[in-house]
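The values are calculated or read from the model by the stated rules, or taken from the named source; none is laboratory data. Bear in mind the structure is a predicted one, so any value in this text is a computation, not a measurement. Cβ sites come from the backbone with ideal geometry, for glycine too, and all protein chains shown count toward neighbours. Please note that ligands, DNA and RNA were not included when accessible areas were found on the heavy atoms of the full protein model with its side chains. Shrake-Rupley method; radii C 1.70, N 1.55, O 1.52, S 1.80 Å.
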Amino acid sequence: MHFEKTTEQASHYQHLETLSIRELLTGINAEDQTVPLAVQKAMPQVEALVEVVVAKMLQGGRLFYIGAGTSGRLGIVDASECPPTFGVPFDWVNGIIAGGDQAIRKAVEFAEDDRQQAWIDLSAHQINANDVVVGIAASGTTPYVLGGLEQAKLQGIITGGICCNAQSPLALAADFPIEVVVGPEFVTGSSRMKAGTAQKLVLNMISTATMIRLGRVKGNKMVDMQLSNSKLIDRGVRMVAAELQIPYEEAQILLDKHQQVRAAIEAYKEQGS
């Protein structure tokens, strides 16, 4: 059966090479504005996946993203930002890309066509039934991703999928599919554009909502963030000062001593009680 990909359909814009820079930018921006609305339609699907991810992680499970090309890179970005943002161990959320880490910078030819490799890559992490595997593929047809999800399901591992075509093989393969149908791209078939933006928005939602439900945010603050540069240290000091209503300098001493916003606040409150 031939699967029709809306992500591959012809652009609504013609003769792009004849357009001015402003016309090009206006067209791209007009298309981009449709993406959050497409994500909004998929909200129930996102919610269903986040619920199961939270439940599994509360039992000690981990989250794995698998993808190729842009989709794989976006999964790696989301995974790599969880430890500094939420202070969680680096292996709680994992991004795996077809072709290995070298593919982050440079495309590895035909890596996405290997249906067996994703499971080999996942197995290197001792993946088990406590974990959740989320396949990311704009087309919904990437063999690397489909093979990984199929093997995961055979091992009793819950699977999710993020794709940008309706009723794709990926959506049919995943236990918890998320379909964000963004339509044709400004440049025909360039799914790093609207489809990539849609995937980024969904990944933001999955990881952020999950980490909040796991208690890694207090109020609206990143109290467990890693203090890995001057900007973040300053933010941390201001968070401590605001929470405890103490001068910046006092908060600075406190944070320097405890090296974590949450720990500094709790220590101060214990001391005062």
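All conditions in (1) out of contact with any strand residue (DSSP E or B) (no Cβ under 9 Å at 6 or more places or on another chain); (2) under 29 Å from Arg73 (Cβ atoms); (3) part of a helix (DSSP H, G or I) hold for Ala241, with the sole exception of (2).
Could you please find all residues in segment 70-95 being within 15 Å of Val145 (Cβ to Cβ), in contact (Cβ under 8 Å) with a residue 40 or more places away in the chain and buried (at least 22 other Cβ atoms within 10 Å of the Cβ)? The answer is Ser71, Gly72, Leu74, Gly75. Just checking, does segment 219-233 include any residue being charged (D, E, K, R), closer than 30 Å to Met43 by Cβ and within 30 Å of the chain's Cα centre (by Cα)? Among the residues of segment 219-233, at least one is charged (D, E, K, R), closer than 30 Å to Met43 by Cβ and within 30 Å of the chain's Cα centre (by Cα), which makes the answer yes.
Please go through segment 202-226 and give me each residue that is in contact (Cβ under 8 Å) with a residue 40 or more places away in the chain, in a helix (DSSP H, G or I) and surrounded by fewer than 20 Cβ atoms within 10 Å (Cβ to Cβ), ordered by number.
Of all residues in segment 202-226, those in contact (Cβ under 8 Å) with a residue 40 or more places away in the chain come to 202-207, 209-211, 213-214, 216-218, 221-226.
If we keep only those that are in a helix (DSSP H, G or I) too, we end up with 202-207, 209-211, 213.
Within segment 202-226, Asn204, Met205, Ala209, Arg213 qualify.
Selection of segment 235-251 for residues being surrounded by fewer than 18 Cβ atoms within 10 Å (Cβ to Cβ), over 22 Å from Val88 (Cβ atoms) and not aromatic (Phe, Trp, Tyr) yields Arg238, Ala242, Leu244, Gln245, Ile246, Pro247, Glu249, Glu250.
Of all residues in segment 142-156, those that are under 19 Å from the mean Cα position of the chain (by Cα) and part of a loop (DSSP other than H, G, I, E, B) total 1. Restricting attention to segment 96-121, the residues that are more than 20 Å from the chain's Cα centre (by Cα), open to solvent by 70 Å² or more (accessible area, probe 1.4 Å) and acidic (Asp, Glu) add up to 2.
For segment 252-273, residues that are surrounded by 13 or more Cβ atoms within 10 Å (Cβ to Cβ) and within 16 Å of Met222 (Cα to Cα) total 9.
Across segment 122-159, the number of residues qualifying as over 22 Å from Gln199 (Cα atoms) and either of a type outside the set (A, V, I, L, M) or open to solvent by 60 Å² or more (accessible area, probe 1.4 Å) (or both) comes to 11. In segment 37-64, the qualifying residues are those that are open to solvent by 70 Å² or more (accessible area, probe 1.4 Å), part of a helix (DSSP H, G or I) and touching a residue at least 40 places away in the same chain (Cβ under 8 Å), and the one that is farthest from Asn204 (Cα to Cα) is Leu58. Contact annotation: residue pairs with Cβ atoms under 7 Å, 6 or more positions apart or on different chains, pairing a residue in segment 17-30 that is surrounded by 12 or more Cβ atoms within 10 Å (Cβ to Cβ) with a partner that is assigned to a helix (DSSP H, G or I), are Leu24/Leu16.
Considering only segment 167-185, state which residues are under 19 Å from Glu8 (Cα atoms), part of a loop (DSSP other than H, G, I, E, B), in contact with a helix residue (DSSP H, G or I) (Cβ under 9 Å, 6 or more places away or on another chain) and open to solvent by 10 Å² or more (accessible area, probe 1.4 Å). Scanning segment 167-185 gives Val181, Val182, Gly183, Pro184.
In this structure, is Thr142 in contact with a strand residue (DSSP E or B) (Cβ under 8 Å, 6 or more places away or on another chain) and polar (S, T, N, Q)? Yes; evaluated as a whole, the condition is true for this residue.
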